[in-house]
Amino acid sequence: MSSTVTVGFDIGGTNMRAGVVTAEGEIIASVSSLVPQTDADLMQGIVGTVEKLSEEYSIGAVGLAVAGFLDPACEVVRFAPHLPWRDRAVRAELTEALGLPVWLEHDANSAAWGEYRFGAAQGSDNWVLFAIGTGIGATLMHNGEIYRGAFGTAPEFGHLQVVPNGRPCPCGKHGCLERYCSGTALAETARELMMQEPHLDSLLRHEISISGKSVMESARRGDPVAVRAVADFSRWLGLGLSIVSDVLDPGLIVIGGGVSQDPDLYMDAAVAEMSRSIVGAGFRPLPHVTCAQLGGDAGMIGVADLARKLL
């Protein structure tokens, strides 16, 4: 096997996935495990996974996609809410432990790079990724490079305050966009509708735990509560896209994350809202809005390709 094969890790809150990725962005092998809960076990889990894959493949570099805050140089994990790392020089430590070059990257940036190189954003040098799942992850690509900001945290579109004194957000603020436009928000809106309008008949009333996925599935079946919840979601998404367009003027916006699997339920309405809400509506070009193509593999593919730069 060529030494240009790289390994990309996508380390989430529950599962840790690793893929062996070719120069063409193809995953030729993958493994998955639960994320170890202690610092030492997490490091050993990564090292052990690479060692196991190295028995069959000649690995040239390793990339880690992490959900958390990194320093601007992508050397240190400052804080990852679901991982034990705190101000940890992860890149240097893993480089030494593995004896291989390591690339450390934010998970949304990794997914965006995958889409840029092999997916929906090929050929677009100035564009934005909206990754909508439990919350909103985001990436800004400018002139073919990931824009990080002065301190490495840009862009936090999900925490733009759109409703003063609105729904509380785990970030500590109130009224953040992701509290109205995410999988979590879909479920919360559905629950609010059922409380406010008890006469509305809905199968969601019989579910023990409502999720964004179950709301989307119910909306597809015509459930009145779910349909209204998705309509509310679409309106907020359109407003969010208009704000991003007003500030950044991207040529392309790619919608990723779990919600991107159901564009026929929300995309037209969201784009229509963006078209109405954008500054200069009717007198300026609009960004093209489309869905991501690589699905849940985008982070692994993207960070493995970024690690290829180190070869």
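Out of the stretch 103-132, which residues are of a type in the set (D, E, K, R), open to solvent by 10 Å² or more (accessible area, probe 1.4 Å) and not in a helix (DSSP H, G or I)? 125, the sole residue that qualifies.
When 140, 200 are screened for being among the aliphatic types (A, V, I, L, M), modelled with pLDDT of 95 or more and open to solvent by 10 Å² or more (accessible area, probe 1.4 Å), only 140 passes. Taking the listed residues 240, 258, the one that is open to solvent by less than 10 Å² (accessible area, probe 1.4 Å) and either in contact with a helix residue (DSSP H, G or I) (Cβ under 8 Å, 6 or more places away or on another chain) or of a type in the set (Asp, Glu) (or both) is 240, with no other qualifying.
Give me the residue from the stretch 204-224 that is over 21 Å from residue 267 (Cβ atoms), of a type in the set (A, V, I, L, M) and surrounded by 14 or more Cβ atoms within 10 Å (Cβ to Cβ) and, out of that set, farthest from the chain's Cα centre (by Cα). Per the stated criteria, the residue is 204.
Within the stretch 37-68, count every residue that is outside any helix (DSSP H, G or I) and either without any contact (Cβ under 8 Å) to a residue 24 or more places away in the chain or surrounded by fewer than 16 Cβ atoms within 10 Å (Cβ to Cβ) (or both). Outline the logic, then answer.
Initially, the stretch 37-68 is screened for residues outside any helix (DSSP H, G or I), giving 37-38, 55-68.
Those left that are additionally either without any contact (Cβ under 8 Å) to a residue 24 or more places away in the chain or surrounded by fewer than 16 Cβ atoms within 10 Å (Cβ to Cβ) (or both): 37-38, 55-56, 58.
Going through the stretch 37-68 one residue at a time, the tally reaches 5.
Taking the condition of being open to solvent by 50 Å² or more (accessible area, probe 1.4 Å) and small (Gly, Ala, Ser), how many residues in the stretch 270-297 meet it?
Keep residues of the stretch 270-297 that are open to solvent by 50 Å² or more (accessible area, probe 1.4 Å), which gives 276, 279, 282-286, 288, 293, 295-297.
Still in the list and also small (Gly, Ala, Ser): 282, 295-296.
The total comes to 3.
Looking across the stretch 78-102, the residues that are in a helix (DSSP H, G or I) and touching a residue at least 40 places away in the same chain (Cβ under 8 Å) come down to 93, 94, 97, 98.
Taking the stretch 183-192, which residues are modelled with pLDDT of 95 or more and either within 17 Å of the chain's Cα centre (by Cα) or open to solvent by less than 30 Å² (accessible area, probe 1.4 Å) (or both)? Step through it out loud before you land on a result.
Going through the stretch 183-192, the residues modelled with pLDDT of 95 or more turn out to be 185-192.
Correct list: 185, 186, 187, 189, 190.
The values are calculated or read from the model by the stated rules, or taken from the named source; none is laboratory data. What you see is a predicted model, and the numbers here were worked out from it, not measured in a lab. Ideal geometry is used to build each Cβ from the backbone, glycine not excepted, and the neighbour counts take in all protein chains shown. Areas reflect the complete protein model, heavy atoms only, side chains present, ligands, DNA and RNA absent. Shrake-Rupley method; radii C 1.70, N 1.55, O 1.52, S 1.80 Å.
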